[in-house]
Amino acid sequence: MGKDNKGNNSNSFSSFLKKRAPIYLGLIGLFFLFAYPALTEKNLENSLPSFEGEKQQAVDLLKSYKGSNERGMTVIQVISDNLADKYTDENIYENEKTKIELFVSDENYPIYKISLNVDSYKGKLEYVWNVNMNSKEIQGVSSDAKQILDIVNYYD
């Protein structure tokens, strides 16, 4: 009647783990095989720096802008698709020669000037927008930025 189960519990737990160790190792292996590459994949969104305060809010407003009707693709999706079309044979974000820079200027507050520069071995793309934080209006300054906004505004 006076059995001590404390020693038995630690043995049963270790035997429980030993029996299931191959299953746990297999699950961890599957995670690293399938989920980890997708989580660490380099893309445009991951390549952009972050800012503080209203500058980040202006960048977020630009990235998530879906046009005047608030439907369709966002600015960041259209730019990503545009880059994927230009570089069909590779992931340019993993190329050492690719430089992606994002500049935010608040000289004309509440209008922020946001410049996205993509410099690769195939050339340089420059997107420049004016983002009005009061009216939430976005204007394309450069021709590439205007083209992106046209796609966003008229894509449904």
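Structure values in brief
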quantity: Ranked packing of 143-152, 16-25, 81-90, 62-71, most packed first, by mean Cβ within 10 Å; calculated: 143-152, 62-71, 81-90, 16-25
quantity: For the chain: relative contact order, % (alpha-carbon pairs under 8 angstrom, 6 or more apart); calculated: 18 percent
quantity: Correct choice for P(r) over Cα pairs in 5 Å bins from 0, in percent that was computed from the model, options (1) 2, 8, 14, 15, 14, 10, 7, 5, 4, 4, 4, 4, 4, 3, 2, 1, 0, 0; (2) 2, 9, 18, 23, 20, 13, 8, 4, 2, 1, 0; (3) 1, 7, 14, 17, 16, 14, 12, 9, 6, 2, 1, 0; calculated: (1)
quantity: Per-residue HN-Hα couplings for the stretch 72-83 [Karplus 6.51, -1.76, 1.60; θ = phi - 60°; Hz; x = Gly/Pro]; calculated: x, 7, 8, 4, 5, 5, 5, 5, 4, 5, 4, 5
quantity: Summed side-chain charge close to residue 52 - residues other than residue 52 whose Cβ falls under 14 Å, Lys, Arg +1, Asp, Glu -1; calculated: -2
quantity: Cα-centred dipole magnitude for the stretch 74-136, charges only on beta-carbon of K, R (+1) and D, E (-1), debye, nearest 20; calculated: 200 debye
quantity: Overall form of the stretch 65-156 per C-alpha gyration tensor (a/c, 1.5; a/b vs b/c); calculated: oblate
quantity: Proximal charge balance of residue 120 [Cβ under 11 Å; K/R count +1, D/E count -1]; calculated: +2
quantity: Estimated dipole of the chain in Debye, rounded to 20 [Cβ of Lys and Arg +1, of Asp and Glu -1, Cα centre]; calculated: 1080 debye
quantity: Gain on full stretching of the segment that runs from residue 142 to residue 48 - 0.36 nm per residue minus C-alpha separation; calculated: 31.9 nm
quantity: Computed label-point distance, nm, for sites residue 150 and residue 99 using a 7 Å Cα→Cβ extension; calculated: 3.0 nm
quantity: Unsatisfied cross-links (Cα-Cα over 31 Å) in the set 63/86; 42/66; 19/42; calculated: 19/42
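Read-outs throughout are calculated quantities, based only on the coordinates presented, and are distinct from any laboratory measurement. In this text, all values refer to a predicted model and were calculated from it rather than measured experimentally. Counting neighbours? That spans all protein chains shown, and the Cβs are built from the backbone with ideal geometry, glycine included.
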